[in-house]
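Quick one: the structure is below, questions incoming.
The values are calculated or read from the model by the stated rules, or taken from the named source; none is laboratory data. What you are looking at is a predicted structure, and each value in this text was computed from that prediction instead of being measured. Cβ placement follows ideal geometry from the backbone for every residue including glycine, while neighbour counts extend to all protein chains displayed. Ligands, DNA and RNA are excluded from the accessible area calculation, which covers all protein heavy atoms including side chains. Shrake-Rupley method; radii C 1.70, N 1.55, O 1.52, S 1.80 Å.
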Amino acid sequence: MLSRVLSGAVLGIDAYVVEVEVDIAQGLPTFATVGLPETAVKESKDRVKSAIHNSGYHFPDDRITVNLAPADIKKEGTGFDLPIAAGILAATGIIPQNILSEYLVLGELSLDGRVKPVRGALPTALVAKEKGFAGIVLPKENAREAAVVNGLKVLSAETLSQMVEYFRGINTMEQETVNIKDIFETVSYSDVDFSEVKGQEHVKRALEIAAAGGHNIIMVGPPGSGKTMLAKRLPTILPPISFDEAIETTKIFSVMGLLERSQSLVVTRPFRAPHHTISDAGLIGGGHVPKAGEVSLAHNGVLFLDELPEFKKNVLEVLRQPIEDGQVTISRAVTSVTYPARFMLVAAMNPCPCGYFSDPLHQCRCTHHQIHRYRSKVSGPLLDRIDIHVEVPAVRYKDLTNNVDGESSEEIRNRVEHARSVQTERFKRMKIHCNAQMATRHIKKHCSIGDDSHALLEKAIDKFGLSARAFNRILKISPTIAALAGSENINVTHISEAIQYRSLDRKSLFG
């Protein structure tokens, strides 16, 4: 007796179809699983046997062989429990094989036959739609997540017997549906707002420019100056996440098991703030079976690295590829996985180990050598990939006691959205979406400046010792400033403001 059930597995953030073949032959009672199953998959035989018994069905006392094809890819997770059980019941004639072949089946079984949630429901639903299946059967807790795939019948199973009765035509299963428009309309940006930040108007301006152009930014200032507070409010001024971005972000959270049970889509931009003790594998991703790291969890959102020099140097160096390419590739002996990692990097650091270098109210206790060693923990190549540098001084008392609220996040976000719309129109025939993603050829084409701007740049390069890389960064920031000002052309005012945001390139910053 042979049966075939179709299921799905995830590699990276994308799913592929897995054929679960079940053969029941006469012989000594054995249960073998082949097709590169890892430990959790091998253990499914015990869960499946108990679930079938406790659901009131007969478990055959014969030789059972389960093959998971393609057999050259390692299978992991507990999502094969339900399709294996369905395959055994189909091989014994309890479930009709013809209707079973129209669906992808996914789910973990408990010993009493309940169907428990699994990871990767959304990618599996997407591949089911792509391959033309009538629908997908999966745990009730995962149904809302899969239901965002339009045109696919999503059936939620609470128990094994419920699924069996449905395929036998005895009972029905609930078909899950969601309204995508309603999901996006219920978005609440945050409980935090830029109007709560006292003072630091020039830093707010820098963050607005960073949000408008998708630029990476680093804030340098003494302890307590508000760097973390400002960074946490950056997502509130970013443009709303699009449906395609939401799908891509949700796939990552789904694969990592970080999607809340009641959540069907991630409809706000992620904000990830890993501690400085994180390992390179935790930040970039890794493991025996490659998993996504913080850079991928921050995809389409913000990655905030507080106390930047406190991170291990090798951890910071692995950031260079995802910042440059917008993705990270993790290679292992058995496989190579690519995860998306297009994020805005927001970093914060003190100007010196004690934190009070150049602070007029506190005396710095650090030597020149200590300051140089502290700063050198952040390499030049990494700083080169950060467009905007801004100094954050201590907040003055009169600003702290000022009862007048500043601009709200909504007001700033409206300007940011307008500037992004200008960039979307400008780059609509290209593979880039914002000014931060411009390469040299794009800068040459879209960042032309006049003679007065050239003269100003020449003076700045001579006076501050700016490098050629800093020159390109200034040109990259300038069109964002122009877009926020509603100007189609880059003028000397925009260039002069952009020059201010390259403070770490100046020879005199640390004395």
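Residue pairs, Cβ under 8 Å, 6 or more apart or interchain, first in region 6-31 and on the phi > 0 side of the Ramachandran plot, second open to solvent by 60 Å² or more (accessible area, probe 1.4 Å). List them.
12/338; 27/63
What is the one condition in (1) within 23 Å of residue 382 (Cα to Cα); (2) open to solvent by 30 Å² or more (accessible area, probe 1.4 Å) that residue 488 does not satisfy?
It fails just one condition, (1).
Kindly provide the set of residues from region 217-230 that are open to solvent by 20 Å² or more (accessible area, probe 1.4 Å) and under 21 Å from the mean Cα position of the chain (by Cα), ordered by number.
The answer is 228, and nothing else.
May I ask you to list the residues in region 233-246 that are buried (at least 18 other Cβ atoms within 10 Å of the Cβ) and in a helix (DSSP H, G or I)?
So in region 233-246, the residues buried (at least 18 other Cβ atoms within 10 Å of the Cβ) come out as 233-239, 241, 245-246.
Answer for region 233-246, where residues must be buried (at least 18 other Cβ atoms within 10 Å of the Cβ) and in a helix (DSSP H, G or I): 234, 235, 236, 237, 245, 246.
Looking at 268, 249, can you tell me which residue is in contact with a Pro (Cβ under 9 Å, 6 or more places away or on another chain), within 29 Å of residue 195 (Cα to Cα) and modelled with pLDDT of 95 or more?
On the way: 268 fails: modelled with pLDDT of 95 or more.
Being in contact with a Pro (Cβ under 9 Å, 6 or more places away or on another chain), within 29 Å of residue 195 (Cα to Cα) and modelled with pLDDT of 95 or more holds for just one of 268, 249, which is 249.
Same structure, new question: Please tell me if residue 195 is open to solvent by less than 60 Å² (accessible area, probe 1.4 Å), farther than 26 Å from residue 476 by Cβ and modelled with pLDDT under 95. Steps first, please.
Numbers: open to solvent by less than 60 Å² (accessible area, probe 1.4 Å): yes; farther than 26 Å from residue 476 by Cβ: yes; modelled with pLDDT under 95: yes.
Judged against the criteria, residue 195 is a match.
Looking at the structure I just gave you, is residue 389 in contact with a Pro (Cβ under 6 Å, 6 or more places away or on another chain) and in contact (Cβ under 8 Å) with a residue 40 or more places away in the chain?
Values: in contact with a Pro (Cβ under 6 Å, 6 or more places away or on another chain): no; in contact (Cβ under 8 Å) with a residue 40 or more places away in the chain: yes.
No.
Out of the helices (runs of 4 or more DSSP H) lying entirely within region 1-102, which hold 2 or more residues that are over 22 Å from residue 163 (Cα atoms)?
Values: elements: 39-42, 44-54, 81-91, 97-100.
Once the helices (runs of 4 or more DSSP H) in region 1-102 are filtered for at least 2 residues that are over 22 Å from residue 163 (Cα atoms), what remains is 39-42.
Would you confirm whether any residue within region 465-478 is in contact (Cβ under 8 Å) with a residue 40 or more places away in the chain, of a type in the set (S, T, N, Q) and either in contact with a strand residue (DSSP E or B) (Cβ under 9 Å, 6 or more places away or on another chain) or assigned to a helix (DSSP H, G or I) (or both)?
Our first condition is that a residue be in contact (Cβ under 8 Å) with a residue 40 or more places away in the chain; within region 465-478, this holds for 465-466, 469, 473, 476-477.
Checking the rest, the ones that are also of a type in the set (S, T, N, Q) come to none.
No: region 465-478 contains no residue that is in contact (Cβ under 8 Å) with a residue 40 or more places away in the chain, of a type in the set (S, T, N, Q) and either in contact with a strand residue (DSSP E or B) (Cβ under 9 Å, 6 or more places away or on another chain) or assigned to a helix (DSSP H, G or I) (or both).
Given the options 461, 477, 481, 449, name the one that is among the β-branched types (Val, Ile, Thr), touching a helix residue (DSSP H, G or I) at 6+ places or on another chain (Cβ under 7 Å), crowded, with 16+ Cβ neighbours inside 10 Å and modelled with pLDDT under 90. Steps first, answer last, please.
Working: 477 fails: modelled with pLDDT under 90; 481 fails: modelled with pLDDT under 90; 449 fails: modelled with pLDDT under 90.
Result of the check over 461, 477, 481, 449: 461.
Now a separate question. How many residues, within region 23-59, are crowded, with 23+ Cβ neighbours inside 10 Å and either among the polar types (S, T, N, Q) or within 16 Å of residue 75 (Cα to Cα) (or both)? Give the derivation first.
Going through region 23-59, the residues crowded, with 23+ Cβ neighbours inside 10 Å turn out to be 41, 44, 48, 51-52.
Checking which are either among the polar types (S, T, N, Q) or within 16 Å of residue 75 (Cα to Cα) (or both) leaves us with 41, 44.
Number satisfying all stated conditions: 2.
Quick one: in region 215-232, of everything that is modelled with pLDDT of 95 or more and part of a loop (DSSP other than H, G, I, E, B), which residue is nearest to residue 306 (Cα to Cα)?
Per the stated criteria, the residue is 216.
On to the next question. Residues of region 281-308 being touching an Asp or Glu at 6+ places or on another chain (Cβ under 8 Å), farther than 22 Å from residue 437 by Cβ and free of Cβ contacts under 8 Å to residues at least 40 places away in the same chain, which ones?
Answer for region 281-308, where residues must be touching an Asp or Glu at 6+ places or on another chain (Cβ under 8 Å), farther than 22 Å from residue 437 by Cβ and free of Cβ contacts under 8 Å to residues at least 40 places away in the same chain: just 282.
Provide a single number: the residues in region 156-206 that are more than 30 Å from residue 47 (Cα to Cα), free of Cβ contacts under 8 Å to residues at least 40 places away in the same chain and in contact with a helix residue (DSSP H, G or I) (Cβ under 8 Å, 6 or more places away or on another chain).
0
If you check residue 148 against the conditions, is it in a loop (DSSP other than H, G, I, E, B) and either free of Cβ contacts under 8 Å to residues at least 60 places away in the same chain or surrounded by 17 or more Cβ atoms within 10 Å (Cβ to Cβ) (or both)?
Working: in a loop (DSSP other than H, G, I, E, B): yes; either free of Cβ contacts under 8 Å to residues at least 60 places away in the same chain or surrounded by 17 or more Cβ atoms within 10 Å (Cβ to Cβ) (or both): yes.
Against the criterion (in a loop (DSSP other than H, G, I, E, B) and either free of Cβ contacts under 8 Å to residues at least 60 places away in the same chain or surrounded by 17 or more Cβ atoms within 10 Å (Cβ to Cβ) (or both)), residue 148 qualifies.
Please go through region 61-100 and pick out each residue that is surrounded by 16 or more Cβ atoms within 10 Å (Cβ to Cβ) and on the phi > 0 side of the Ramachandran plot.
Once the filter is applied, which keeps residues that are surrounded by 16 or more Cβ atoms within 10 Å (Cβ to Cβ) and on the phi > 0 side of the Ramachandran plot, region 61-100 yields only 77.
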